[in-house]
1. Helices (runs of 4 or more DSSP H) wholly in the stretch 221-316 with at least 1 residues that are touching a strand residue (DSSP E or B) at 6+ places or on another chain (Cβ under 7 Å) and touching a residue at least 40 places away in the same chain (Cβ under 8 Å) - which ones?
2. Just need a number here: residues in the stretch 134-158 that are surrounded by fewer than 22 Cβ atoms within 10 Å (Cβ to Cβ) and part of a loop (DSSP other than H, G, I, E, B).
3. In this structure, is residue 312 within 25 Å of the chain's Cα centre (by Cα), away from the ligand (no atom under 16 Å from the Cβ) and buried (at least 20 other Cβ atoms within 10 Å of the Cβ)?
4. What single numbered condition from (1) buried (at least 18 other Cβ atoms within 10 Å of the Cβ); (2) at pLDDT 95 or above; (3) within 16 Å of the ligand (Cβ to nearest atom) fails to hold for residue 200?
5. Regarding residue 65, is this residue closer than 23 Å to residue 157 by Cβ, surrounded by 15 or more Cβ atoms within 10 Å (Cβ to Cβ) and either modelled with pLDDT of 95 or more or away from the ligand (no atom under 14 Å from the Cβ) (or both)?
6. Name the pairs whose Cβ atoms lie under 6 Å apart, with the first residue in the stretch 71-93 and under 30 Å from residue 32 (Cα atoms), the second modelled with pLDDT under 95 and assigned to a loop (DSSP other than H, G, I, E, B), and 6 or more positions between them or separate chains?
7. Report, ordered by the first and then the second residue, all pairs with beta carbons closer than 7 Å, sequence separation of six or more or different chains, a first member in the stretch 152-167 that is within 18 Å of residue 97 (Cα to Cα), and a second member that is within 14 Å of the ligand (Cβ to nearest atom) and at pLDDT below 95.
8. Determine whether residue 71 is within 30 Å of residue 31 (Cβ to Cβ) and surrounded by 19 or more Cβ atoms within 10 Å (Cβ to Cβ).
Ligand SMILES: NC(=O)c1ccc[n+]([C@@H]2O[C@H](COP(=O)([O-])OP(=O)(O)OC[C@H]3O[C@@H](n4cnc5c(N)ncnc54)[C@H](OP(=O)(O)O)[C@@H]3O)[C@@H](O)[C@H]2O)c1
């Protein structure tokens, strides 16, 4: 199948807030529409589980694949490690981290739950500065060399740490990170504002990130929470406080204007703005029903006329 759709399906809530049956429906529709990129993490969704353990999302995807023989080769599984709570204490202090042993154990668990023998993209979910970059880098490289993992990505890492880790990989002849996953949408947060509800100080896409990805030639950028949990269109989803600044009002006004001119929804303009920009960004949408998915699929397929994109860019 040609990989033309630049939209990843976020499975974070599958098996917890999104029941298995609905998750199967969403996965089926996404793949039928030509989607190939499925994003999860070994820790999803520990915060929604009374036992505080993740794994539900990977299990649902594994079960879905098991019931659809032949489909594994049509999708690319992307999962993350490093943030799963293990042992006593509170998160994030009790997360598994990025030691060689933690990486080995985490990947074994993910492969088992996903019922596959390989991961197409493995992300380090957040940094672990207690472990030398060399140890993490070598453990990740061994997974690629063994064929268990196809490529590596970094999520929520400080940019200088990503570049340093890639330098370590280059020096040692190891495969390094070729993908970044960060929070990004059409409206931008105030500089210095923390990522809402998470311990990801460096979780935002900044101008520095866009410049790094555009100049690199190898790195790709995936954006999480691109629809701000529905805040562009829903009164019950206020924008997080981090977006409280005058530029947001100007962007929201321009978004409404462009959506009206094109006769599409604001969510669709946001997704089209992300996928068709420079650098092209892969939005990861979290959906809980087929209508939301259909809206997102149409948004990812929308090509913004240049003049409208320029107006969207200029509103700040
Ligand atoms: N790397 C990381 O640290 C990280 C962090 C967060 C997320 N992620 C990834 O990114 C994916 C998406 O993140 P997200 O779920 O936070 O972001 P999102 O896509 O911005 O928000 C998803 C929620 O927005 C609402 N929504 C979606 N489409 C809508 C539509 N068309 N109209 C109205 N409301 C709509 C739904 O809420 P209801 O279900 O309540 O209707 C849905 O659950 C996750 O599944 C995960 O794979 C990664």
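The values are calculated or read from the model by the stated rules, or taken from the named source; none is laboratory data. Note that this is a predicted model, so its numbers are computed, not measured. FYI the Cβ positions are ideal-geometry reconstructions off the backbone, even for glycines, and counts take in every protein chain you see.
1. 266-275, 290-301
2. 3
3. Values: within 25 Å of the chain's Cα centre (by Cα): yes; away from the ligand (no atom under 16 Å from the Cβ): yes; buried (at least 20 other Cβ atoms within 10 Å of the Cβ): yes.
When the stated conditions are applied, residue 312 passes them.
4. Of (1) buried (at least 18 other Cβ atoms within 10 Å of the Cβ); (2) at pLDDT 95 or above; (3) within 16 Å of the ligand (Cβ to nearest atom), only one is false for residue 200: (2).
5. On the way: closer than 23 Å to residue 157 by Cβ: no; surrounded by 15 or more Cβ atoms within 10 Å (Cβ to Cβ): yes; either modelled with pLDDT of 95 or more or away from the ligand (no atom under 14 Å from the Cβ) (or both): yes.
Here the answer is no, as residue 65 does not meet what is asked.
6. Going by the 6 Å Cβ cut-off, the qualifying pairs are 74/1.
7. Taking only residues 6 or more apart or on different chains, the pairs are 156/200; 156/202; 156/203; 157/202; 158/202.
8. Details: within 30 Å of residue 31 (Cβ to Cβ): yes; surrounded by 19 or more Cβ atoms within 10 Å (Cβ to Cβ): no.
So residue 71 fails the test.
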